[in-house]
1. For S110 and D361 in one chain, what is 0.36 nm times their gap in residues minus the Cα-Cα distance, to one decimal in nm?
2. If I take R0 = 51 Å and measure r between the Cβ atoms of N409 and S446 in this structure, what FRET efficiency does the formula 1/(1 + (r/R0)^6) give, to the nearest 0.05?
3. Got a number for carbon plus sulfur as a percent of segment 336-638's accessible area, 1.4 Å probe?
4. Determine ³J(HN,Hα), in whole Hz, for all residues of segment 309-323 in sequence, where each value follows from phi through the Karplus function 6.51 cos²θ - 1.76 cosθ + 1.60 and θ = phi - 60°; x replaces Gly and Pro.
5. Which residues' amide hydrogens lie under 5 Å from the amide hydrogen of L526, considering only partners 5 or more residues apart or on another chain, with H built in the peptide plane?
6. Just tell me which lysines come within less than 26 Å, Cα to Cα, of K733; anything on the same chain fewer than 8 places away is out.
7. Mind checking which lysines have their C-alpha under 20 Å from K42, skipping anything on the same chain fewer than 8 residues away?
8. At a 1.4 Å probe, what is the % contribution of carbon and sulfur to the accessible area of segment 153-233?
Amino acid sequence: MTLITFDENKQIFHLSNASISYLIGIEKEAYLSHLYFGKAIKTYHDGRKYPAINRSFSPNPDGIPLKTRDFSLDTILQEMPSYGHGDFRNPAVQIKQVNGSSITEFVYDSYEIIFGKPELDGLPATYVEDKKEAETLVITLVDKLLGLKLKLSYTIYANRDVIARNALLENNGVVPVVIEKLASLSVDLPAQDLELISLPGRHIKEREIERQPIQRGTRIIDSKRGTSSHQANPFIALVAPKTDELTGIAIGLTLVYSGNHEMLIEQDQFSQTRVMAGINPFGFEWELGSNACFQSPEALLVYSDQGINGMSQTFHDLLQTRLARGRYRQAERPILINNWEATYFDFDADKIKSIVDSAADLGIELFVLDDGWFGKRDEDTSGLGDWIENTEKLKDGLQGIADYVHQKNMSFGLWFEPEMVNADSDLFREHPDYALQTPGRGMSTSRDQYVLDFSRQEVRAEITKQMRAILDTIDIDYIKWDMNRHLTEVHSSTAGAAHQGEIFHRYVLGLYEMLEELTTEYDHILWEGCSGGGGRFDAGFLHYMPQSWTSDNTDAIERLDIQYGTSLLYPISSMGAHVSAVPNHQTYRETGLEIRGDVAMSGIFGYELNLQDMSQTEKTVVLEQVAFYKIHRKLLQYGKFYRLLSPFESNQTAWIFVNDDQSQAIGFYFRKYAESAGPLRVIKFTGLAPDKTYQVNDDAIYGGDELMSIGLYIYPFLEGDYQSRKFVINEVK
Ligand code: GLA
C-alpha cells in the first residue's frame, strides 16, 4: 500500500491510509501550506484550496513569482511558519543571526519518501518493527541567505490514525546561528468552532481534565520546570463543541519529551487556529555551529471521528506497542507491594521481612524497597547522591533482603532518585559543583535537595557507576526511578556563557542517554518512572519505562479523577495504582477495601500499606483481589479501555475493559457520595459485540446490544459513600 504520494502538477503531498489523510501544499513554489488533516480522502481534487484573497494589513512577501496582493503569509494555513515576512501569528521557528536579526524565510527545496521510520538521534520516538508498517515524508526547506536546511519529517502508519512529526535543522552556512525556537510541529486549521482539552494539575492532583472554547488570541500550556511536570502535561486535544467520548471529531497532540515543553494554540483574526508543540522557547537558546544540526523531539498528532475515547485508544495502542520498549512492553505485570506508605523511612531488615512474609502469603509477586535504604537517609534531608546500602538499617545488606524476597518466590525491586543530591551527602561534599547552580546566587532547595547537572557527562557517569555497583552485584528485578523536585538556578559550571541556554535541553538529552544505556543493558529489569507521583508522566519517559507511578495521591476517590484524566492519553499498562491504608495519608478519607481494590486494579495493581496490620477479614479480601487480578490482568492491563461516565461531570464514574475479540469484558462502576432515596442509575456498556450473548457476573444472560443500548440498573442499591461494583462479562456460545 502506498501511503505517501506527491502530485507534481498540483504540488501537493498526500499522506493517507485507509482511515486518515494529511495534505500539504506548496504555495507559490515556496511556502508549505496545510490543507487538511482528517478522515481519509481517496483522491484529492483541490478541495479547500486557499483562495487568492487580498486582506488589508496582511503583507505580501517579496521574491515570489508574480508578487501579488492576493497572497499573504498572514492569512494562509501553514505547516512551519517563520516570522518576519508578514505572518504576525506565532512562529514555529526563530533563529538569531550574527547581524542581530531573527528573521528567516524557509522555502521549499525538495522531498524524499522513506519506507519505515528513521530513529531520532538521542531522543525517544515511536518506531516500526517492520518497514512496511509506515512511510516517512521528509520535506526539506531552505533559508538561502543563511544556508540553513529545515527538514520536516512526517510519518504515517498503515493502520494507525496518527501522524508523527519532527523537525531537524542543519546549518550549512559558514557562521553559527542561535536557535531561539524550533517547534516540532505546527498546523493551521481553518475557521471552525473548537474546544481545547488539556490536563493541568499539581502534585497529588495530576491531569485534571479542562475543556474550554478556543477564542481569539494565544493560549500557552507549558512547563518551565525542567520536566514535563504535574502542572501541565504535554497534551492537548482540539474537539468540536459537540464531541463526546464516543462521537465527534477529536484531534489529540502530544510531545514525546520530558523537559520544558510548550503547547501553543492561537486563534487568529480570521478565526483560524494555529496549533504548535515543541521545546519551550522560554529559557532556550541553542548555538548551532557551521555543519551542525539540531533535532527536535517528536510530536504525535492523532485524529479521531469517534470521540475523545477513539483518540485515547489510538494513543494507547501507539504508546503501548510502538513507543514503549523492552521485554515488559506487553508482558503481564506483577502485583507489587511497596513499603513507602507502610514505613516511610522508619524500617529495618526485620520490619521489611515481615512485610515480605505477609505479601508472599497473600500471593503478591513483587516487593519494592522504596526510599531510605541507602547512605544516611533516615529522613528526607540527607543521603541522596550516595547510592550505597545502609547496613545499619539492613543488617544483611540489600542482598540479604533480595535473597529473602526471592526465597519467597517473589521479585525484588528498588527505589532510586538518580538525578538528585542532598547538601548532606558525601557526593555533594566532594563535588558541590555537580549540582545545578548559578554563580553568585543562592541555591534554592526543594524537599531539601538539589538537582544534579545531568547535562554533564562526568556527573551522569558518577551516578551510573554507583548504580551499576548495585545492579551488577544484587539481584534486582524492578527499579522505580524517581525525581522529586524541579530545576532552579539552571546553569552549568562547565558550559560557557553562550551555551547556558542549552542546559535545560542538554539535561534531558543527558538523562535520555543514561536511560537508554541502563534500560537496554539491564533489560531484565522492569523499570517504573516516577516524579513525586505523576510529575514526569510523559511519552518521552514511556519510551524507556513502560510504567509510571501515576500519583502520590493514593486516595481511591481522588484516583478516579487522576486515572480518568491520565487515560485520555496514556495506556492503562503505564499507570501504577496501589491500594493504601485508611485514613488515606493524603486526604485523610476513609474508604472501603473493595473500592480501593477496584480503583487500583483499573491500573497496574499493587499495595502500599502495612499488610501485617490487617484483620483476617481484610486479608481475605486482599486474597480475593489478588486472585481476581491474576485471572483478569491481561484484560485489565492490555484490553481496550472505554471511559463510560466521567468523575469530572457527576457523582458517578464508570469504565470498561474489553478484549480484542470482544468475548470478555470487565466494567467498573463507582459512586462517590450516597444519594438518599436516589434515582435508579443505569450503566450502559460499550465496546461489546452487539450480536454476541454475554453472561454478567456468572449470572444473568444478555445480548451485547442489550448491554450497550439498554444497560443494567445499578441494583441492589449501593449503600453509603465511596462504593463500587464490578461487572465481569463473558461471552456465552
Ligand atoms: C516520591 C514518590 C513516592 C516515594 C517517595 C520517597 O514522592 O512519588 O512514591 O517513592 O518519593 O521519597
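The values are calculated or read from the model by the stated rules, or taken from the named source; none is laboratory data. No experiment lies behind these values; they were computed from the predicted model shown. Here the Cβ is made from the backbone with ideal geometry for all residues, glycine too, and neighbour counts use every protein chain on show. Only protein heavy atoms, including side chains, enter the accessible area calculation; ligands, DNA and RNA are left aside. Shrake-Rupley method; radii C 1.70, N 1.55, O 1.52, S 1.80 Å.
1. 83.8 nm
2. That pair, N409 with S446, gives E of 0.80.
3. Percent of accessible area from carbon and sulfur atoms in segment 336-638: 48.
4. Residue by residue, segment 309-323 yields 5, x, 4, 4, 5, 5, 4, 3, 5, 5, 5, 6, 10, 10, 10 Hz.
5. Y478, I479
6. List returned: K630, K634, K640, K684, K692.
7. Correct list for K42: K10.
8. In segment 153-233, the share of accessible area belonging to carbon and sulfur is 46 percent.
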